[in-house]
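Participant: Here it is, the structure, as C-alpha cells.
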Amino acid sequence: MQPYKVLILDDDETVCQSLRYLFVKQGWEVQALTNPLNAVPFIENNPADLILLDLNFRVGTDGKEGLTLLQQIKDYFPAVPVILFTAWGSMQLAIDGMKLGAADFLTKPWNNEHLVAAVRTQIQLTDKNEKNHRLTTHSSLDAIIGTSESIQTIKEWIVKVAPTDATVLITGESGTGKELVAKAVHDLSARKDHSFVSVNLGAVPEGLFESELFGHKKGAFTSAASDRDGRFKLAEKGTLFLDEIGDLALSSQVKLLRVLQEKVYEPLGGSKPFKTDVRIISATHKDLADMVVRATFREDLFYRINLLHIHLPSLSERQTDIPLLVNHFIDQINDSGNKRVKVEDHALEWLSKQRYPGNIRQLKNCVERTVLLSSKDKLGIKDFKPHLEAKLFNSAKFPKVGEVTLDEMEIKLITNALEFYSGNITDASRALGITRSSLYRRIDKYNIKYDA
Ligand SMILES: Nc1ncnc2c1ncn2[C@@H]1O[C@H](COP(=O)(O)OP(=O)(O)OP(=O)(O)O)[C@@H](O)[C@H]1O
C-alpha cells in the first residue's frame, strides 16, 4: 500500500515541524506550506490524500483567511478531504468550515493520538468512497453484456456522456437494452445518489399526461382524491427516463417542451410553479427525425431531447454476443435459484444463428422459459427450440369456408408478420415466403399501415 500523503498548511513553522515529525513516524509522506498564496498551484503539482488547514493564517484571528483558502481548495480539489485546525476553537468557525465542505475540525493544542486517528479515518473514508464509485461505475457498465465492437463503442460513449448534464436520446429496436443504457448513464453521473425515475410515455393516456408527469392537487379532477407527486418531483436532482417518447401525442409534446425550456412546472390544480432540476434521458424505437418531417413530432422538442444520441444495434447486428448473453442469463438463474444449469456448445452455436425480432428481451425470455420448463442440468438445442419457434400465426384460428375472403386473409397474414417483426420488411417477407418487392406491392395494394 502507498504511504498516505498529507499536506500541512500552517504559517507557524514550529507547528509544521512537530506535525511533520508525528506523521513521518506513522510512515506517511508529509509536505508543509507556510504561504497560503502558493497553496493551489502547490497542490496541483503535489497531490495530497489529505490537507490539514490552519484556519488562522497570518495575523488575523477571525478565521476568514483560512475559510477563503478552504473554499479555493474545495473548488479546485473537491475530492481531497480537508481537516481544519485552529487555536481558537469557536463552534461558529467549525460550522462555517464544515458548510464549505471540510471533513473534520480539530483545536490546538492537539492530542497526537486523536489527530492521527482523525487523519487516518478521513483518508480511509475517501478511499472507500472512491472504491464504491468505481464499483458502481463498473457494475453498471458490466451489466451491459457484450464484447462486440458496437457494444464496446457504446460503453465508451456512455462513460463520456454520463458526466455531462446534457439530454440523451437512446434509439434502437424494442428489447435492445435502451433502459439498461439509460440507467448506466445515470449511475455514472453526478446525479447517481438521487433517483432514476422511468416513465413509459406510450402507456400514459393523453388526458393523464400532466397529472402523471407534473402531479396533481386534491380535487384537481373528479378522481383526484388526494395530492399526488408527479414524475418530475420524484426525479428531482436525479434522472427522468422518458421511454417511448415517440408515442407522445402532439398536445403533450408542447407541455413537455415548455417544462424543458423553462425548467418550471405546475401540478394540475395547483397555483404554485415548481422549479425542476432533472436530467432528461429519452428513448424510442421510432425514427424521430422522420416523424419530424411528417410533422408528428415537434422539431423543437426533438432538438431539445437529442443533444447527445446513442443508437443501440439490434441483436442480429451483434450475433457474436449471443453466447455471452445466454451464459449471463443462465448464471443469473443459477445464482438466484441455486441451480447448476449449463448449455451445450452446439446449442450456443445454434442459438447464435436464430433470429430475435424482440432482441435481447426475447433471448432472455427464451432462456428463462427453457430453464424453468426443463429439469436437465445441460441444455441442448431440443430444449430451446420450442421456446423460439415463431408464434407468428397461432393466434389466428383457421376460418370456416365463407367466413373470410382470400384478400382479407392475406391482409391479416401480412399485418401479423409486420407486427411480429416490428415492421422489418426483410424478416416479414422471408417469413411469408415472398420477396421484399412482392411484400411492398401487397402493402401498397391493400394500403396496409405499419410501424417501420
Ligand atoms: N447488453 C445487455 N446485457 C444484458 N442484458 C441486457 C442487455 N441489453 C438488454 N438486456 C436485458 O434485456 C431486457 C430488455 O432490455 P431493456 O428493457 O433495457 O430494453 P429496451 O430497449 O428499453 O426495450 P423497450 O424498447 O421494449 O422498452 C432487460 O431485461 C435487460 O436487462
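Participant: Using only the Cα atoms of the stretch 264-325, construct the convex hull and provide its projected area averaged over every direction, in square nanometres to one decimal.
Facilitator: Orientation-averaged projected area of the Cα hull: 7.4 nm².
Participant: Here's something else I'd like to know. Treat each spin label as a single point 7 Å out from the Cα along the C-beta direction, and report the Lys155 to Lys382 distance in nm.
Facilitator: Label-label distance for Lys155 and Lys382, simple model: 3.7 nm.
Participant: Just the Cα atoms of the chain, one point each, no solvent: what log10 I(q)/I(0) does Debye give at q = 0.07 Å⁻¹?
Facilitator: The Cα Debye sum returns log10 ratios of -0.58.
Participant: Separate question: Three principal axis extents, largest first, for the C-alpha atoms of the stretch 315-387, in Å?
Facilitator: Ordered largest first, the stretch 315-387 gives principal extents of 33, 22, 18 Å.
Participant: Follow-up. Add +1 for every Lys or Arg and -1 for every Asp or Glu among the other residues with Cβ under 14 Å from the Cβ of Gly27, and state the total.
Facilitator: +2
Participant: DSSP beta bridges in the chain, what fraction antiparallel, as a percent rounded to 5?
Facilitator: The answer is about 10 percent antiparallel.
Participant: Oh, and also: Among the listed pairs Lys286/Lys378; Lys183/Lys233; Lys255/Lys449, which are separated by more than 30 Å between their Cα atoms?
Facilitator: Checking Cα-Cα distances, Lys286/Lys378 exceed 30 Å.
Participant: OK, next. Test of understanding: extend the Cα→C-beta vector of Tyr450 to 7 Å, then name every residue of the stretch 404-432 with backbone N under 14 Å from that spot.
Facilitator: 410-432
Participant: Please label the shape of the stretch 5-133 as rounded, prolate or oblate, based on the square roots a ≥ b ≥ c of the eigenvalues of the alpha-carbon gyration tensor (a/c under 1.5 means rounded; beyond that, a/b larger than b/c means prolate, else oblate).
Facilitator: Cα axes put the stretch 5-133 in the rounded bin.
Participant: Same structure again: For labels at Asn338 and Asn38 in the simple 7 Å Cα→Cβ model, what's the distance in nm?
Facilitator: Roughly 6.5 nm, to one decimal.
Participant: So for each of 6-16, 247-257 I average, over its residues, the number of other beta carbons within 10 Å; can you give me the resulting order with the highest mean first?
Facilitator: 6-16, 247-257
Participant: While we're looking at this one, here's another question. Between Leu234 and Ser437, how many nm apart are label points set 7 Å from Cα along the C-beta direction?
Facilitator: My value for the distance between the label points is 5.2 nm.
Participant: Just need the relative contact order of the stretch 107-262 here, percent rounded to a whole number, with Cα pairs under 8 Å and 6+ apart.
Facilitator: 20
Participant: Less than 10 Å Cβ to Cβ from Ser429, Lys/Arg counted +1 and Asp/Glu -1: what total charge do the surrounding residues give?
Facilitator: Here the charged neighbours net out to +2.
Participant: Specify whether the C-alpha gyration tensor of the stretch 160-311 places it in the rounded, prolate or oblate class, a ≥ b ≥ c being the square roots of the eigenvalues: rounded for a/c under 1.5, otherwise prolate if a/b is larger than b/c and oblate if not.
Facilitator: Here the stretch 160-311 falls in the oblate category.
Only the coordinates and a few stated rules stand behind these numbers; no lab work does. What you are looking at is a predicted structure, and each value in this text was computed from that prediction instead of being measured. Note: ideal-geometry Cβ built from the backbone for every residue, glycine included; neighbour counts use all protein chains shown.
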